[in-house]
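The values are calculated or read from the model by the stated rules, or taken from the named source; none is laboratory data. From a predicted model like this one, the values you see are computed outputs, not experimental measurements. Every residue, glycine as well, gets a Cβ built from its backbone with ideal geometry; the counts of neighbours run over all protein chains shown.
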Amino acid sequence: MANVGSYASDVAPVPTRRPRGHFRQGVKVWHLYAFIAPSFLLLLAFEYYPAALAIFHAFTDWTGSGAWTWTGLDNFRQLTQDFAFLLSLRNMVILLAWQLFRALTVPLIFAEFIYNFPSRRAQYWFRLLLVIPLVIPAVVESLVWRFFLNPPPLGLINMILGSIGLKSLEHAWLGDPHLALLGLMFTGFPWVLPIAMLIYYAGLQGIPDSIIDASRIDGASTLRRIFSVDIPLISGQLKLIFILNIIGGIQDFAWILIITNGGPGYSTLVPALYMYDTAFSSGEFGYGSAIGLVLFIIIFVLTVTNNRFIRTNAAVDG
């Protein structure tokens, strides 16, 4: 019997057809692109054009209306000497590091707890209970936490401390410059983060049963399986949560605006809030645009670095 491999090598390779140009293919289905053209136009008008305009005005002295003056790199030189901006960067790094740690650990613990629960019905009800807080608007949640952290005798946390005989531990959590940032970090306790928890849970459900069964046959404990099997196989979900929290942690400031407004002093000020105050309260849109451009560069560099150096398991062999 002839060897299959040698027979295959004697067969002349079939010439592959050269793919037609993308432009020529697009022309043939131009009517399909016409349906999504309005969406692209709206994106250009309300997303890309304002962003490009902000990048341009980062190099100008502009009050938001009327004429502008080209200043080159003056706004960025001023940022390097701006004490409020430099302190806000320090606060952002602290809050961002805490948010990343919180998002990569606590929701994963809850997801593992639900995933390892033997009853499917119980898993459903646990998921439901942990996701219900999503219906609460973020503004309401921020106002509730501001009430919790109010100075004595109004704040709920101080009321609880006083009622159990720990009145000496009462503080103006948001009024003390040394404790205000810590108070912000405490908000949202117990930090379940329902969206992150659901993403982790979906990743755990995607692990083939054969791999879980093999780990059990090998005698791996639940904790050993989590570190040796689960976490490596949901590295894609971990990477997603990492990127989303970097972007959100740098951009989001509404909750800080509601709870402390960056105070007392500059103790809880972050660059995004400083950009907002500079542009809309002080009318320095050029300087505010420069702060926004710096934040964009930071987000871009961190995202590219994450995609470049953090590898994920794209596929799992069953």
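Worth pointing out:
- Single residue of 185, 159 found to be in contact (Cβ under 8 Å) with a residue 12 or more places away in the chain, more than 12 Å from residue 267 (Cβ to Cβ) and surrounded by 14 or more Cβ atoms within 10 Å (Cβ to Cβ): 185
- Evaluating residue 246 against the criteria (1) surrounded by 18 or more Cβ atoms within 10 Å (Cβ to Cβ); (2) within 30 Å of residue 156 (Cα to Cα) leaves one unmet condition, (2).
- Scanning the stretch 260-304 for residues that are of a type in the set (D, E, K, R) and either loosely packed, with under 13 Cβ neighbours inside 10 Å or over 25 Å from residue 150 (Cβ atoms) (or both) turns up just one, 284.
- Which listed residue, of 234, 217, is at pLDDT 90 or above and of a type in the set (Val, Ile, Thr): 234
- Residue match in the stretch 287-302 (condition: more than 28 Å from residue 68 (Cα to Cα) and either touching a Lys or Arg at 6+ places or on another chain (Cβ under 7 Å) or touching a residue at least 40 places away in the same chain (Cβ under 8 Å) (or both)): yes
- The residues listed here are 164, 157, 226; of these, the one that is over 26 Å from residue 97 (Cβ atoms), modelled with pLDDT of 85 or more and not polar (S, T, N, Q) is 164.
- Flag if residue 307 is exposed (fewer than 13 other Cβ atoms within 10 Å of the Cβ), farther than 30 Å from residue 68 by Cβ and either in contact with a Leu (Cβ under 7 Å, 6 or more places away or on another chain) or not aromatic (Phe, Trp, Tyr) (or both): yes
- Total residues in the stretch 150-203, condition in a helix (DSSP H, G or I) and not aliphatic (A, V, I, L, M): 11
- Residue in the stretch 131-147 that is touching a helix residue (DSSP H, G or I) at 6+ places or on another chain (Cβ under 7 Å) and not in a helix (DSSP H, G or I) present: no
- Filter result (assigned to a loop (DSSP other than H, G, I, E, B) and either in contact with a helix residue (DSSP H, G or I) (Cβ under 8 Å, 6 or more places away or on another chain) or at positive phi (or both)) within the stretch 213-248: 219, 220, 234
- Members of the stretch 90-101 that are surrounded by fewer than 18 Cβ atoms within 10 Å (Cβ to Cβ) and either within 22 Å of residue 237 (Cα to Cα) or touching a residue at least 60 places away in the same chain (Cβ under 8 Å) (or both): 94, 97, 98, 100, 101
- Residues in the stretch 206-219 that are under 28 Å from the mean Cα position of the chain (by Cα) and surrounded by fewer than 11 Cβ atoms within 10 Å (Cβ to Cβ): 0 in all.
Yes/no matrix, rows are residues, columns are (1) of a type outside the set (Gly, Ala, Ser); (2) more than 24 Å from the chain's Cα centre (by Cα); (3) at pLDDT below 95:
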| site | (1), (2), (3) |
| --- | --- |
| 257 | yes, no, yes |
| 291 | yes, no, no |
| 294 | yes, no, no |
| 303 | yes, no, yes |
| 311 | yes, no, yes |
| 317 | yes, yes, yes |
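- Residue check: residue 109 meets all listed conditions (1) closer than 28 Å to residue 262 by Cα; (2) part of a helix (DSSP H, G or I) but one, namely (1).
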